[in-house]
Each structure stands twice: as C-alpha cells, then as structure tokens.
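For reference, the structure discussed in these notes is given below.
Just so you know, all these numbers are worked out from the coordinates, no wet-lab data involved. Since the model is a prediction, treat every value here as computed from it, not as a measurement. Counting neighbours? That spans all protein chains shown, and the Cβs are built from the backbone with ideal geometry, glycine included.
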Amino acid sequence: MATTVNVRKQSVAEVAAPLTLAYEHPWVVRFAHWVNAVAVLVLVGTGLQIFRAFPSFGPKIPQKNLLDVPRLITLGGWLGGALQWHFTFMWIFVGSGLLYVIYQLATGHWRQVLFTARDIKGVWPMARYYFFFGPKPPVDAAYNPLQKLAYTSTVFFGVLSTLTGLVLYKPDQFWWLAWLMGGFHYARIWHFLSMCGFLAFIPGHLIMVLLHGWNNFYSMVTGWKRDPEYVE
C-alpha cells in the first residue's frame, strides 16, 4: 500500500511540473515578421512576372533570355498588373522593415539576433545538425549562430532590394544611386540577386522551424516560448 502511494505521488509531481515560459518575440517583431512574410511572397511572385516581360540582363538587341519563368509561380496576371502589385507591396515591405530595424536599435534587441565574428565557429555545427543529421550543439541563447546568420542576412537582402528597387522605380531621380551600383543594368542584377537571397533563406528557415517544433512556431504567434532549452 505504501509503495502504491509513493508511485502515485511521483506521477502527480511529474504532471504538476511547472511550465517554463520565455518572452522571446515582442509584438513589433511578430507584426513585422508576418507582414514581411506576406510582402516577400507577393514581391517575389510579381517580380518574376515583371521579369518575364524581359528575361535578360543584357541589351535589348539581340535579346538572350536568362531563364524562362513558369507563369504558375508568378502573380499579377500581366506586366501592368504585376507592376501595380509590386509597387504597392514595395511600400508595405519597406515600412515594416523600417519598423523592425528601428525597434531593434531602440530597444537593444539587435544584440540577440545580430551575427558577429564570435558566432562564426558555431555556424557549421548548427548547419550539420539541421541539414546533415549531425549531433545537436548545446543551446544557451534564444538564437543560435546559424539563426543569427540567417536573420542578419535577410536584413542585408532587404536593404539591397530596397536600394536597387528605388533605382528601378525612379531611375532618373536616383541616377546617382544607379551610378554607385555600376549602372541601371547592374542595379537590376543586384535586385534579382537579392530576391535569390530571400528564396535561399525561406526553405532553410522553414527547416529550422520544423526541427525546433511547435513551440518555436507558437512563440512567433504569441511571443511566448514554452520550455526554451536555454532556460534551466
């Protein structure tokens, strides 16, 4: 009888174990994240539709297509429609991006996500864990080195796409910016490469989310992360 009571007490203690919560993502970060997620998808789809009108980075004559973009992955229906959607979501993307950067700088939250030289040595162990089934490195912070590299890269791609986009949007007004980039054609190339950077980030980001599990996704919805590994 005593043994039964002891076992029952242990089970109750395990069930009643306190849930550890950490407030990882303030509302500004979550708002900017979801707005930018939608904006990037629309900008990529409409951008590819615009690119279909002239899929080349060289002179118009003779035209040599760089690649044929399937219409299935484009948005806007036609060139004019794609341009209108692109220019609309361009400002949404820039506005939410500025909100995110200003908040990071004003609150000091950038220290958690900025990739620095001391994070370099931790990139390969995390990449090996995520993509090559390697051992899981110890977690001692809200963002591991690979996540910091990914998020810092998206800020870089965001700035690059915005500056090059201004050149493509208003080439006469921003002629000096086009000159700094090597000319209008080079600005178009840099704009395309910034899109490629986002496209490379998205699958890696989704893999990280899946491997971290539901708690990681839940934290980007509510702000709170359940039982974070870096909190003892």
So if I restrict to the alpha-carbon atoms in the stretch 109-232, what is the Rg, and what is Dmax, the biggest pairwise distance, in Å?
18.1, 57
With +1 assigned to the C-beta of every Lys and Arg and -1 to the C-beta of every Asp and Glu, and no other charges, what is the dipole magnitude of the stretch 109-232 about the Cα centre in debye, to the nearest 20?
120 debye
With bins of 10 Å, the percent of all Cα-Cα pairs of the chain per bin from 0 is 7, 25, 29, 20, 11, 4, 3, 1, 0, 0
TM-like helix rule applied to the chain (DSSP H, alpha carbon span at least 27 Å on the long axis, mean Kyte-Doolittle at least 0.5) gives 27-53, 79-107, 145-169, 184-212
What number in nm² do you get for the stretch 27-90 if you take the convex hull of its Cα atoms and divide its surface by four?
5.1 nm²
Any idea how far the Cα center of the stretch 87-134 sits from the one of the stretch 23-51, in Å?
14 Å
Of the lysine pairs in the chain, how many meet both conditions: Cα atoms under 19 Å apart, and a spacing of 8 or more in sequence or different chains?
4
